[in-house]
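The values are calculated or read from the model by the stated rules, or taken from the named source; none is laboratory data. Quick caveat: nothing in here was measured; it's all calculated off a predicted structure. All Cβ positions, glycine included, derive from the backbone under ideal geometry; neighbour counts span all protein chains shown.
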Amino acid sequence: MSKNNTNKNAKPFLKWAGGKKQVKNCIGDILSKKIKGKRIDNYFEPFLGGGAVFFHLLEEKYKFNNVYLGDINKELILTWKVVQGKPYDLISILEDFSEKYKKKSPECQKKFYYDTRDDFNDSLDGFNYDKLSDEQILRASQMIFLNKTCFNGLYRVNLSGAFNVPMGKYKNPLICDDKNILKVHEALNGVKIYCQDYSKFLDLIDRNSFVYLDPPYLPIKKNSFTNYDSSGFGVKEQIELSKFCESIDKKGARFILSNSDPKNYDSNCNFFKDHYGILDLKVCNHKKIMVRRSINSKGNKRGPINELLIYNF
């Protein structure tokens, strides 16, 4: 873990719904009061997304003996693994995407976007996600291109698992951020990356572990955005996650969980008090954070709202 402990300039290479750019400082403040010397033996982030908190902790010079990153989204994890293992090949293809895209007229750019999206979806059936290959590098390149040019940087799929986000409106999107990709590659030296459900990390967690959990947020109103993959993440899954946190606590490990504050829309909703406050935790604290969210398609509904950080120390 020597290289990833020294790199402090890497930042998320993908836009991701619910990214933690606005709350990472608060998470760092909570940790700094409990973790002396900024040393964490085993760091876990099983809802990886863009990895903003992981990169922030590196920037703040936290030291890790072991890092375990994961997500259930196979396209996301494939892209992380390609950045980790084949950054120069990835950059070469992204440079080609960028050059071709930016030379085109707006109408031809639109066609290029949807042709790329079709190619990405057409190769879904039978795709081999296991062995790093030229096909995987191309798919990761398509993933990054689509992420940088789609509406609002969203990742959303239909029930068949096909990416279905429309094209966004950008004058000059940064499709190939080669310098950052190489910094991320360096930061990922020795890091273990898994495509799996968060619950499968439990056997690896011990009393010397810190776990940061950033699940798809509690659906607090109709049409809430929770379909990061085709399985969804509803109230039932949120309750199962609270039990997972209880298991973490019983192992003597520390955790911080990010989630929505349902009281933004329903002052009578006590979901987190009911499902975390009554757990047999040594202590269960929470902190409200004011953030600005931009998922809503209507700009006038992207104002500041409260989010929650729940932690057991």
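Of everything in the range 130-161 that's touching a helix residue (DSSP H, G or I) at 6+ places or on another chain (Cβ under 8 Å) and at pLDDT below 95, which residue is farthest from Gly49 (Cα to Cα)?
Top of the filtered list is Leu132.
Within the range 155-185, can you find the residues that are farther than 26 Å from Asn9 by Cβ and in contact with a Lys or Arg (Cβ under 8 Å, 6 or more places away or on another chain)?
Phe163, Asn164, Val165, Met167
Being surrounded by fewer than 21 Cβ atoms within 10 Å (Cβ to Cβ) and assigned to a helix (DSSP H, G or I) is true for just one of Lys148, Lys110, Lys131. Which residue is that?
Just one listed residue meets the conditions, Lys110.
Report, by residue number, each residue of the range 167-196 that is surrounded by 14 or more Cβ atoms within 10 Å (Cβ to Cβ), part of a loop (DSSP other than H, G, I, E, B) and touching a strand residue (DSSP E or B) at 6+ places or on another chain (Cβ under 9 Å).
Gly168, Leu188, Gly190, Val191
Could you please give the count of residues in the range 58-117 that are free of Cβ contacts under 8 Å to residues at least 12 places away in the same chain and under 16 Å from the mean Cα position of the chain (by Cα)?
Number satisfying all stated conditions: 0.
Can we say Leu202 is more than 17 Å from the chain's Cα centre (by Cα), among the aliphatic types (A, V, I, L, M) and closer than 17 Å to Asp118 by Cα?
no
How many residues does the range 1-24 contain that are out of contact with any helix residue (DSSP H, G or I) (no Cβ under 6 Å at 6 or more places or on another chain) and at pLDDT 85 or above?
Our first condition is that a residue be out of contact with any helix residue (DSSP H, G or I) (no Cβ under 6 Å at 6 or more places or on another chain); within the range 1-24, this holds for 1-2, 5-6, 16-18, 22-23.
Checking which are at pLDDT 85 or above leaves us with 16.
Here the count works out to 1.
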